[in-house]
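Visitor: Handing you a structure now.
The values are calculated or read from the model by the stated rules, or taken from the named source; none is laboratory data. Bear in mind the structure is a predicted one, so any value in this text is a computation, not a measurement. Cβ placement follows ideal geometry from the backbone for every residue including glycine, while neighbour counts extend to all protein chains displayed.
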Amino acid sequence: MTSFINGNVRRPIITLTTDFGGKDPYVAEMKATILNISPNATIVDITHQIEKFNVRMGAYVLASASPYFPKGTIHVAVVDPGVGTRREPILIQTKHSYFVGPDNGVLALAVRKVQIKHVYRIINRKLMLAKVSNTFHGRDIFAPAAAHLTNKTPPAEFGPEIDKIIIPRFAKIVRRGNILIGEVIHVDDFGNIITNLGEKELELMEIDHTVNVKLGNAKLALKLCRTYSEVQLHKPLALIGSHNLLEISINQGNASETFKVEGGSKVTLHSP
């Protein structure tokens, strides 16, 4: 897993995305577990401020950040309200990176547009901590798995290969005649409403100037802009944001509060 750049060894990278926050010892325990197995690992915190139990938010944040890490990075995501249940711990090997976490949708967006090579169930107890808690798989299963990967443990040793993962509702778009039905996948700190609809969907609906969208009780015809400043202050707009997803925004305002929309709300896109 270690690579060489201009003759220098680059330390293996493991990222962490969780809803654990910063008050409790949970993140430190995961890091300690990783470093005991892989002392040379570089651990990068994507965030530990995912809203509690919000798999959709965790999936969005991981999918947004993961493409910018070097090839071979191992991404661990733990937003796991079903910990200890029959949901599977999995390892996804893609052409570019590895993703480790529960099979509950938190990994689904990050691997949606990349080439998946293999998916494995993590069942090999030799690659977990000696004692596995029913409530803390992040420390006892997922962190050790990531660390063992940096030590060149073959992915196939973690368990049997499977042919599919759970695709959650927030990763799906439904077409009904001349409308597309998606949902709000995230609301950022600026109040921008980020949908699961992207450039491909706008092209499908032949939209290039005006976006006709229904958000909650609001029916809007919005200018499709390239920047926020293309409309007057405090006026709404639509644009394709930095992660190639359709955003509904207000120039220097809060679209989520204005339209009373939150993550998970339905979004309906109409053709012109």
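Visitor: Of the residues Val211, Val132, only one is modelled with pLDDT under 95 and of a type outside the set (Phe, Trp, Tyr); which?
Guide: Exactly one residue qualifies, and that residue is Val211.
Visitor: Sticking with this structure for a sec: Checking Ile167 against (1) β-branched (Val, Ile, Thr); (2) free of Cβ contacts under 8 Å to residues at least 40 places away in the same chain; (3) not assigned by TED's automatic domain parsing to the domain that holds Met30, only one condition comes out false. Which one?
Guide: (2)
Visitor: Take the conditions touching a Ser or Thr at 6+ places or on another chain (Cβ under 9 Å), in contact (Cβ under 8 Å) with a residue 40 or more places away in the chain, within 25 Å of Lys52 (Cβ to Cβ) and buried (at least 21 other Cβ atoms within 10 Å of the Cβ) and apply them to Val83. Does it pass?
Guide: Here the answer is no, as Val83 does not meet what is asked.
Visitor: Let me ask another. Sort through Leu220, Leu215 and tell me the only one that's crowded, with 18+ Cβ neighbours inside 10 Å and of a type in the set (A, V, I, L, M).
Guide: Unique residue meeting the criteria: Leu215.
Visitor: Would you pick out the residues in segment 149-169 that are within 20 Å of Val83 (Cβ to Cβ) and not in a loop (DSSP other than H, G, I, E, B)?
Guide: Selection gives Phe158, Ile162.
Visitor: Return the pair list, or none, for Cβ contacts closer than 6 Å from residues in segment 17-28 that are within 17 Å of Asn54 (Cβ to Cβ) to residues that are among the basic types (Lys, Arg), at least 6 apart or on different chains.
Guide: Asp19/Lys52
Visitor: Which members of segment 223-272 meet the condition of being in a strand (DSSP E or B), surrounded by fewer than 16 Cβ atoms within 10 Å (Cβ to Cβ) and without any contact (Cβ under 8 Å) to a residue 24 or more places away in the chain?
Guide: Selection gives Lys223 alone.
Visitor: Now a separate question. Can you spot a residue in segment 27-34 that is at pLDDT below 95 and under 25 Å from Leu109 (Cα atoms)?
Guide: no
Visitor: Suppose we filter Ile194, Ile207 for residues that are buried (at least 19 other Cβ atoms within 10 Å of the Cβ), in a loop (DSSP other than H, G, I, E, B) and at negative phi; which single one remains?
Guide: Ile207
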